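So the structure is just underneath, and the comments pick up after that.
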Amino acid sequence: MNLEHTTSPKTVEWQTLCNRLGVRSAAEVTHIEGATYPTHIAEIDDLLGGGLPCHALTEIVSAQPSSGGSLLLNCLLESTQKRAGYVALVDTHDHFAPDMVSNERILQHLYWVRCSSTEQTLRIGDILSSDRNFALLIIDLRQADIRTLAGIPANRWYRFQRAIRQHGGTSVALTAQPIIPAAATRLELRHRFHLADLMRETNQLATELAVYPLRGGQALRRLA
Amino acid sequence: MYAVIEIPVMALQAIYRLKRKRPSGPIAILDETGQRSIVCEVNHVARGEQVEVGMCPAQALARCGTLQVLPRSLEAESTVARLLLLLAQTLSPRVEQTAFGIVTVDLRGIRMHTVEASADALVDRLKELRLHARIGISDTPEHARWSALFAKPVLYVQRLDNFLKRVPLAVAGASEDLLDILKGWGIHDMAALHDLPREEIGNRLGQRGLALWDTVAGRQPRLLQLTETKPQFRRSLEFEHRVESLEALLFILKRFVDELALELELAQSAAYILKVRLKLEDKSYETKLIEVPEPSSRARTLFRILETALDGLQTKDSIIGVQLHLEATEAHGKQGDLFSVAMEDPVAFAETADRIATIVGPGRSGSPRMRDTWRPDAFRLQTLDSELEARGESVENASDTADSYRGLPLSRFRPPRTIKVCVERSKPVRIDSGEYAGAIRAAAGPWALSGEWWEPAPWTREEWDIELEEGGVFRIFRQRSYWYLEGIYG
């Protein structure tokens with residue numbers, strides 16, 4: 001049987017309207033979501049099918065102290081340098097230690113914003129989410145007041161997520177509790193590092209990060 | 001081949017450019033430069049109300065009670081004439097300023113299909129500058145001038161005989177008596193005149209008739225008196241009314257930037273500093289110097305930088321005048337290095353950085369660099385470089401160093417938090433910082449650190465790395481008998 005595919009005028013009109021409004025079909029969204037940003041941390045890259053999802057916001061929860069949040073942050077900075085890109089770090093309460101990166105050249109790729117409040121962090125995040133120069137945007141909210149974070153309206157996070165999607169960047173939010181409703185992927189760091197680990201090689205420690213998916217990612221789909 | 005670019009009703013259009021909203025209804029432009037004020041231009045609505053050029057204001061208002069009479073602005077017209085001249089030079093360097101608002105361009109040696117496309121683009125660029133123009137293209141300057149009168153907005157005369165049938169004799173610029181004679185013969189358009197034998201015209205009308213016939217036939221095209229233009233990177237305006245909002249100021253600056261970008265383009269230059277000088281009502285001046293991160297000649301980019309820099313501008317008095325001056329440098333084409341890291345849009349980043357600095361304050365954003373000292377947490381912030389060195393080298397070095405790097409990174413508290421520490425046998429056994437408290441499972445230290453003894457404020461401290469029973473690895477230190485929590489490892 002010879003099947004002919006024809007497009008009705010209504011379909012054409014609908015597609016034109018979608019293009020004008022910037023509405024994407026499910027297939028297009030799946031294609032975009034297929035792109036990943038490798039972290040060079042085997043555990044995370046395997047779990048998420050290659051790396052952090054591009055055009056999306058990933059929330060990484062490190063609820064306990066010394067569970068690897070700062071180690072992960074430094075790994076992300078290093079991976080951006082390897083990709084020859086720029087990374088922006090929005091540091092809610094000015095906790096980042098530039099003297100703790102493995103190589104000072106990494107700092108050349110880093111744009112660090114030292115905020116003093118959660119509100120300031122969100123404003124800066126909004127601005128940076130629309131700047132195409134940054135391959136990765138990291139928002140460190142680990143020390144932010146949890147009540148303030150809980151009081152942020154969900155639509156603000158969704159608006160931020162839309163800006164990330166529109167401008168094609170990758171964004172990571174480090175939090176102490178699962179708090180971002182718009183996060184496409186949510187991971188939790190559960191390993192506890194010990195004093196003796198301070199004498200071990202950093203690269204080796206990065207392989208021991210215990211990452212559990214809470215939302216999104218291949219692993220979660222596998223679990224479901 | 002020649003092109004004539006004309007801006008019809010130029011005085012009106014020059015005035016329209018000054019207004020944020022284009023005025024509607026019957027409008028007349030009043031020329032007050034002579035001994036008596038007369039109407040020098042009217043729009044089509046006013047013309048429909050029988051208001052004519054040459055009337056005095058009282059006569060014009062008597063014809064149309066709702067007539068808006070606007071004063072002529074010679075300054076605005078000069079700007080329009082200059083813009084026209086600059087844009088005409090994008091077609092060819094051989095340009096003549098034929099009249100105020102009319103330029104003739106010598107297109108000989110230029111391919112016609114290129115000219116037609118350029119003419120359309122030129123009309124669009126003039127529209128962006130809020131000017132409506134018409135362009136006529138033909139074999140001689142005169143024919144081009146006449147074709148501009150019929151252009152909508154571009155007319156390229158390919159068949160002269162057909163075109164001449166449309167052109168009345170009156171536009172040829174001949175004297176009244178000569179025109180009357182020709183009308184008496186039944187000659188009303190140029191094609192009819194062109195059909196008459198040249199010698200017979202010469203016998204009956206003499207030299208004047210021959211000159212007219214030659215002009216119509218395109219026998220003796222006149223030589224153009226070429227005009228040279230020097231780039232001017234400065235624009236200024238004194239306001240009629242004082243300006244109290246940024247929006248109104250930006251409207252004027254947008255116009256300036258559009259005009260100056262054109263000057264830059266033609267001079268093959270790029271602006272690297274924007275200097276805005278505001279004249280205030282108390283006769284004082286306020287100047288703002290704005291550095292352009294990547295020299296540019298693009299109007300949109302320059303205006304975006306200007307807009308960001310002036311955001312939140314406060315002056316001590318109302319603004320009554322503004323001047324914009326550009327410092328220009330030679331525009332360099334740049335080819336990207338295959339192995340270097342470069343920003344996609346450095347200008348956009350400069351704008352982003354400005355906005356961020358406004359929110360977080362100075363010295364709170366940038367790219368960190370370590371200071372040459374052993375003092376903990378000694379760093380400085382500098383502007384993020386828009387271009388970095390070769391990728392291969394940096395990655396290679398990065399991996400070498402990363403392999404040998406040991407330990408967990410620290411998340412610092414700035415400033416370090418004061419804590420209570422129980423010490424037994426010179427070793428901390430318990431801490432209490434409020435948020436983090438409990439017995440210490442393991443401790444490593446002490447590490448005595450000191451430095452800058454030659455400075456007025458030398459530093460010395462005793463550091464410990466500790467792990468709490470409940471979990472968590474921390475760095476604490478003792479300085480002048482006080483204990484501090486410096487950060488959390490991990």
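No value in this document is a laboratory result; all are computed from the given coordinates. Since the structure is predicted, the reported quantities are computational estimates derived from the model, not experimental observations. Cβ: placed from backbone, ideal geometry, glycine included. Neighbour counts: every protein chain shown.
When the alpha carbon coordinates of region B:91-242 are projected onto the principal axes, the ranges are 62, 41, 27 Å, largest first. Note on B:Glu32 and B:Glu330: the extension gain reaches 103.0 nm, defined as 0.36 nm multiplied by sequence separation minus the Cα-Cα distance. Against chain B, whose longest principal axis is taken from its Cα atoms, helix B:391-404 shows a tilt of about 10°. Distant-in-sequence amide contacts of A:His40, defined by a placed amide H-H separation under 5 Å and a gap of 5 or more residues or a different chain, comprise nothing.
Kindly work out what percent of the DSSP beta bridges joining two residues of the protein assembly as shown are antiparallel, to the nearest 5. Please list the in-between numbers first.
Details: 96 of 127 bridges.
Roughly 75 percent of the beta bridges in the protein assembly as shown run antiparallel, per DSSP.
Taking label points 7 Å from Cα along the Cα-to-Cβ direction, B:Arg166 and B:Phe233 give a separation of 4.4 nm. By DSSP, the beta bridges lying fully in region A:24-223 are antiparallel in about 20 percent of cases. Summarised in one figure, the compactness ratio Rg/Rh of the protein assembly as shown, Cα atoms and Kirkwood Rh, is 1.14.
Computed 3J(HN,Hα) for region B:201-217, one whole-Hz value per residue from the Karplus formula 6.51 cos²θ - 1.76 cosθ + 1.60 where θ = phi - 60°, is 4, x, 4, 8, 10, x, 4, 4, x, 4, 4, 5, 5, 4, 5, 5, 7, glycine and proline marked x.
Suppose R0 equals 22 Å; then what is the FRET efficiency for B:Met370 and B:Glu291 from their Cβ-Cβ distance, rounded to the nearest 0.05?
0.25
The Cα atoms of chain B cover 129, 55, 41 Å along the three principal axes, with the biggest extent listed first. In this structure, the amide hydrogen of B:Leu388, modeled 1.01 Å from its nitrogen in the peptide plane, lies closer than 5 angstrom to those of B:Val341, B:Ala342, counting only residues at least 5 positions away or on a different chain. This ranking places B:His143, A:His194 by how few other beta-carbon atoms lie within 10 Å of each, fewest first, which gives A:His194, B:His143.
Please report the relative contact order for region A:24-223, taking Cα pairs under 8 Å with a sequence separation of at least 6, and give it as a percent rounded to a whole number. Could you put the intermediate results ahead of the total?
Working: 370 pairs, mean separation 61.1, N = 200.
Reported relative contact order: 31 percent.
Counting only the Cα atoms, region A:47-148 fills a convex hull of 114 Å³ per residue. Residue by residue, region B:267-279 carries 3J(HN,Hα) couplings of 8, 6, 10, 9, 7, 10, 9, 10, 10, 9, 10, 9, 9 Hz when phi is fed to the Karplus relation 6.51 cos²θ - 1.76 cosθ + 1.60 (θ = phi - 60°); x denotes Gly or Pro. Under a 5 Å amide H cut-off, with hydrogens placed 1.01 Å from N, B:Thr140 pairs with B:Tyr2 among residues at least 5 apart or on other chains.
Going by neighbour counts of Cβ atoms within 10 Å, the residues B:His241, B:His188 line up, fewest first, as B:His241, B:His188. Here the Debye sum runs over all C-alpha atoms of region A:24-223 as equal scatterers in vacuum, and log10 of I(q)/I(0) at q = 0.09, 0.16, 0.17, 0.18 Å⁻¹ comes out as -0.30, -1.04, -1.19, -1.36.
Using the Cβ-Cβ distance between B:Glu281 and B:Ile359 with R0 = 25 Å, the FRET efficiency computed as 1/(1 + (r/R0)^6) comes to roughly 0.20. A Förster radius of 60 Å combined with the Cβ-Cβ distance from A:Arg190 to B:Glu244 puts the calculated FRET efficiency at roughly 0.50.
Legend: distances between Cα atoms for B:Lys127/B:Lys288; B:Lys152/B:Lys183; B:Lys152/B:Lys254; B:Lys127/B:Lys165; B:Lys230/B:Lys275; B:Lys127/B:Lys254; pairs beyond 24 Å are B:Lys127/B:Lys288; B:Lys152/B:Lys183; B:Lys152/B:Lys254; B:Lys127/B:Lys165. Backbone phi angles across region A:94-104, fed through the Karplus curve with coefficients 6.51, -1.76 and 1.60 (θ = phi - 60°), yield HN-Hα couplings of 6, 9, 5, 10, x, 6, 9, 7, 6, 8, 5 Hz in residue order; Gly and Pro are listed as x.
Computed extension gain for B:Arg130 through B:Phe379, at 0.36 nm per residue and net of the alpha carbon distance, reaches 84.5 nm.
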